[in-house]
Each structure stands twice: as C-alpha cells, then as structure tokens.
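Novice: Can you read through this structure? Questions will come right after.
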Amino acid sequence: MRIDFGTWMLRLFTYVAMAFLFFPIAITLLVSINPNEFILPPTGVTMEWFRAAWTSSKFVDAMVVSLVLGIVATLSANALALLAVLALVRYNFPGKAFVNLLIMSPILIPATIFSLALYVFLARIGLGGSITSLVIGHTIHVLPFAVRILAASLQNFDTSLEEAARNVGASGTRTLFSITLPVIKTGLISSLTLCFVLSWNDFPISVFLAPPGWTPLPVELYSYIKYQYDAVGAALASSLIILSAIAIIILDRATGIRRAIRGEAPGVKS
Amino acid sequence: MRAGVVAFLAPSLVLLTIFVLIPLGWVIRISFNENVGGAYMRSAWVLDNYIQFLGSTWYLVNTLWYTVYIAFFATVLSALLAYPVALYIARSTGFQKSILMTLVLSPLLIGLVTLVYGWIVIFRGGGILNSLLIGLGVYDEPAQYMWNIKGVVILLVYIGMPYMTMSLLDSIERINPFLAEAARNVGANRWTTFWKITFPLTMPGLYAGLVIVFTLNFAAFAVPLMVGPDETRMIGLLIYKEALINNNLPFASSISVIMIAASSVTIIGLGYLFNKMILNKLEAKK
C-alpha cells in the first residue's frame, strides 16, 4: 500500500489515541513498583506496595469475596446460558423475539437503574444485605454475555454430530458432555473468562448490593482511594489489572476479544 | 420438542422475570409512594416525587439539562476521537490489527475503579498531567482536573471510546471496498471518496455508537461519584445518593423513571436529526 500523507496523519492520530487509552494503566503499573510512589520516573523497583496490599487482611478478604462471587456467578450464568442457547439457536417458537429481548435486558438497561431496581426489590423481599443478593446481581449481569458467546459458537455447530451420537444410543446428557461441549469448547472458555472478568471488575452493581462484611475488591479499592492516596492503592489496582490482562490473553487466544464482547444475537443466522 | 424448549428456557426466564422485570415494575410502583422520612415510605398513589423533581427549576435545569449537556458533549468527543481510530484499524491487518483491537477494547475488561485510579494519579493537583503541562509551559500553576467536571468528561470519553470504536468499525468493515475503488477510478481523490462514499455509509454505525455511548454517559453514576466534585449534579449520581445515602427510595425511583424517559426522548430526537438533516442532505447531494 502506498503510504501517503493522509494515512500518516491517521496513523499518528491512532497512536496518540492508543497512548491516551493506555496512559492510566501504564501509570498505575509504574507507581505500584516505584519506591518513590508518585515521583516519576522511577528510580528502582520495589515490591513493598504489593506486599502491603497482599498482607492487609481487609484486602485479602475482599479478594476472596470477589473470587468466590466471580466463580459462582460465572458458573451459574453459563449453566443457565447453555440451556437457554440450546433452545434459542435450534428451535423457532412464538415469542422468540421477546425471549431474546428479556435475556439481553440486563445489558440494555443502564447499570444505575438495574442496580437500583435489584436493590429496592431484594430489600423488599428480605434478601437485601445478604451475599445472595450479590450473587443474583452478578449472575444476571453476566448472563447476556454468556448467551451471546455460546449462541455464536453453537450456530457453527453441525447438529448431525449429535444425531449420530443419539443414533448409536447415547443419552441426551451423554451427548451434551461427549459431543456438544467439546465442540464448543473455545466458545465456552471465552464465555467463562469474560463472565469472570466482568464480575471480578464490576463496581456499579456491587456498590448497590454489597452487604456489610462482604465487600468485593473494586468496592474496597474505591473506599480505600477515597481517603488514602498512596502506592498501596496502586499495587491493588495493578493486581486487578494483571488478572484482567490474563483474561484478555485467554480471550484473545480463544475467540478473539472483539468476538467475545460483541458476540451475536442468539437465533440470528449469519 | 416444544416441551424441551420450555424446559431449557425456563430457568433463565424465571430468574430474569423475578429479578429484572418485577424489580423494574417495583421501581415504577414505589415511585408513587410517599416518603415519610428516614428509610420509611408509605404505600400510596401520589405524584409528590415527580412534582418534587419536575416542579423544581434546580432539578430540571441544573441536573437534568446539565446531564444531557455533559453526556452529549462527552459522546461527541468520543465519536471524534474514535472515528479516525476505527478508520485506521479497519485498514490495518494481521498482528497490528489485533494489537490495536486489544488496546481499544481493554478498558471494557479492566475495571472502572482501576482505570479511575490511574486517572486520579494523573489528574491530581500535583499529579503527572500538571507536572507535564507546566513543564511544557502550557500552564504556570497547577490546573484543577480532579474533583472537577473536566475530569468527569475525560473519563466518560475514555470509557465511551471502546463502544464507539467497535460500533464504527462494524459499519466501516461492511463497506464494499470496490465502491471506493470505483470512485477513485472515475477520478475522485481520497478526500472526496471519503466524504462521498465512506462517511455516508458509516452513518448507521455512528448513530448506533452515539446512542450506546449517550445512554451510558447519561446514566453514569460511578464516574461522577469517583472523580466529580461533591456537588456534581448528574442525574445518575443523584439516584445513587437518594437511594443509598438519603434512603429516599420513592424519590430515587421517580428520578429513574424520569431518566429513562429523558434518555429515550433524546435518542428519538437524535434519530430524527440523523434522518432529517444528514441522510436527507446526502440524498439531495446525489
């Protein structure tokens, strides 16, 4: 391709925009290993801030809460999504458009409204202030993402494979575990990873629903940086970044990040 | 087969009905309740909460209109920033494309609080941005970005970027490359080709991006909460404060209903604007 002036300008602009996107992430990582905290450039490398963050019982507790919450919400959402997608991709039935809309609704409704609605409703039915409310909120929040990814990977699935298994006498469950799941494995990995990372990093829903004593890490980090300004906050933020980066790599390898986030509406043949 | 469909869908649908549809209905219901102080409300059918908001110039002008203004401003900025980026990514291939895609989308996967932390380090009075700008001679003394509406706008633009880029990229990649080639073959230069071919064809993507990002910005509460000044008058933050700090659930609920209505009106207005002004103009030019 001939590189002309216009392309050069476009390239320059894109690189500046990328720097803008990456700037806060790089700064956080830099501060977390800098012995002089916020005075840059760093004069050396220290693990002191990480050690402080990872030995504080408050943060370790929050990390455990986030981890447990992320795993439970991810597994429940994917189990639900897998069932729903098997019906959505393979069958046509009246009211399918409405079912699609309902399943996608948690990402169509602004997080503020979604969290407020759950908050007032769970308080009304007596589930407010319990860990259940967080699990429900996170499961519903990540469900649409799981449905989209799994729907996309099931659409490319050749159903004659399942028929063959059934013909030689495999049960429905056996077919699911021996044929269907292995075939959509990359989609499933992508879905599990995306759901976990979205739950792990969620702030809006957690801040509305977190009961006392069960504070997820992002909310704990927020309350910390509201009053404290030191590099321990940076180390904590960096820990979140590192975990997200691992997830980004897995997503990239499995289905590609764009595909994972974008997904496809279930039931829409492409 | 029919029974199978029902059994497969039932768990999700039951969960979503109980924990999405009914709660939304409940929000609408309690928006008509009476607030009796403290955390208590009385079941009623009154319009007090709506009147409290809609009858007050302070709320209407300084909160609702102000939020529309800030959200729209940030949305337009992120479109201006995302458009060239999307064009460049669409043209790039292979490894470069995948790296650029990853960078653009990573803010979606890295938590909001984490990103905000990075910006706090940059924005603070004695922070990195100010040292840089003073060093470059842009300012003589530190400018205030943190706990300031400028910080809120920068962060909203930042968070809107991935959505906007993705939406634009979808429509750019859908354009038939032969169209641009054909235009060039009949003697159009790159600039004309862009304005006559590419730009009009990306209108649907631009519109979709504007709608998504505006909706997010309009309802945002976490960004103004974390980087805005204490008295930030954004509607999402007002809902958060009324619900969690003042415990006035009926008022918080009625503001939510108003917010959804205002957001829908703005989006419909935007759609009208796009249809009438831009698409018709393009039509006329042909």
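Novice: Note down the net charge around B:THR93, summing +1 for each Lys or Arg and -1 for each Asp or Glu among other residues with Cβ under 15 Å from its Cβ.
Specialist: Net of charged neighbours comes to +3.
Novice: Using the Kirkwood radius over C-alpha pairs as Rh, can you work out the diffusion coefficient of segment A:152-232 via Stokes-Einstein at 10 °C, viscosity 1.306 mPa s, in µm² per second?
Specialist: Stokes-Einstein gives a translational diffusion coefficient of 97 µm²/s.
Novice: Find the Cα radius of gyration of chain B, compare it with 2.2 N^0.38 Å by division, and give the number to two decimals.
Specialist: 1.23
Novice: Over all residues in A:214-225, what is the mean tally of Cβ atoms on other chains that come within 10 Å of each residue's Cβ?
Specialist: Shielding by partners across A:214-225 averages 3.
Novice: Also, I was wondering about something else. Would you mind checking the pairs A:LYS226/B:LYS150; A:LYS226/B:LYS241; A:LYS58/B:LYS150 and listing those with alpha carbons more than 21 angstrom apart? Write out the running numbers ahead of the final one.
Specialist: On the way: A:LYS226/B:LYS150 19 Å; A:LYS226/B:LYS241 16 Å; A:LYS58/B:LYS150 33 Å.
From the list (A:LYS226/B:LYS150; A:LYS226/B:LYS241; A:LYS58/B:LYS150), the Cα-Cα distance tops 21 Å for A:LYS58/B:LYS150.
Novice: So what does the Cα-only Debye profile of segment A:48-175 read at q = 0.10 Å⁻¹, as log10 I(q)/I(0), no solvent term?
Specialist: The calculated log intensity ratios at q = 0.10 Å⁻¹ are -0.50.
Novice: At q = 0.12, 0.14, 0.18, 0.22 Å⁻¹, what base-10 log of I(q)/I(0) does the Debye formula yield for segment B:1-121 when every alpha carbon is treated as an equal point scatterer in vacuo?
Specialist: -0.95, -1.03, -1.05, -1.18
Novice: Using only the Cα atoms of segment A:50-262, each taken as one equal point scatterer with no solvent, compute I(q) by the Debye sum, divide by I(0), and report log10 of the ratio at q = 0.09, 0.11, 0.12, 0.14 Å⁻¹.
Specialist: -0.42, -0.61, -0.71, -0.91
Novice: Around B:MET41, which amide H atoms from residues at least 5 apart in sequence, or from another chain, sit under 5 Å from its own amide H, with H modelled in the peptide plane?
Specialist: Answer set, sorted by chain and number: B:VAL36.
Novice: Sticking with this one: Sort all Cα-Cα distances of the protein assembly as shown into consecutive 20 angstrom bins from zero, then give the percent of pairs in each bin up to the one containing the longest distance.
Specialist: 19, 53, 26, 2, 0
Novice: Can you work out ³J(HN,Hα) from phi for every residue in segment A:184-195, in order, using Karplus 6.51 cos²θ - 1.76 cosθ + 1.60 and θ = phi - 60°, giving whole Hz and x for Gly and Pro?
Specialist: Residue by residue, segment A:184-195 yields 8, 3, 5, x, 5, 4, 4, 5, 4, 5, 4, 4 Hz.
Each reported figure results from applying straightforward, stated rules to the coordinates on display, with no laboratory input. It should be emphasised that the depicted structure is a prediction, and the values quoted were computed from it without experimental measurement. Cβ sites come from the backbone with ideal geometry, for glycine too, and all protein chains shown count toward neighbours.
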